[in-house]
1. In segment 45-73, how many are in contact with a strand residue (DSSP E or B) (Cβ under 7 Å, 6 or more places away or on another chain), assigned to a strand (DSSP E or B) and either modelled with pLDDT under 95 or exposed (fewer than 13 other Cβ atoms within 10 Å of the Cβ) (or both)?
2. Taking the condition within 13 Å of residue 3 (Cα to Cα) and touching a residue at least 12 places away in the same chain (Cβ under 8 Å), does residue 17 pass?
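The values are calculated or read from the model by the stated rules, or taken from the named source; none is laboratory data. This structure is a prediction, so every number in the text was calculated from the model and none was measured. With ideal geometry, Cβ positions are generated from the backbone for all residues, glycine too; neighbour counts draw on all protein chains shown.
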């Protein structure tokens, strides 16, 4: 099983990386970079959702610039994503039916229940 999943958000010119386990997707940054090379050949903002490894904390979301041929490693930063932001809706939509992924995370039982009901956290 891959430890991350890539989702291209064409309308926003963004890409989201979701973890599939409690392991941080940053542990697989070179693999993600190689996968992106076969998907996009243009500059795009890549947003990481560290929900399964960091929980719903201030270090939940990070972003990095992808140049079309690789990551600009110096551009990585954690970002604040407001509660009503569409990125949180995209995230809950992704995780809502992923019971195995949620169970293999650091989330509390209440957070898991909210996500399974489609409530963005």
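1. Of the residues in that region, 1 qualify.
2. Working: within 13 Å of residue 3 (Cα to Cα): yes; touching a residue at least 12 places away in the same chain (Cβ under 8 Å): yes.
Yes.
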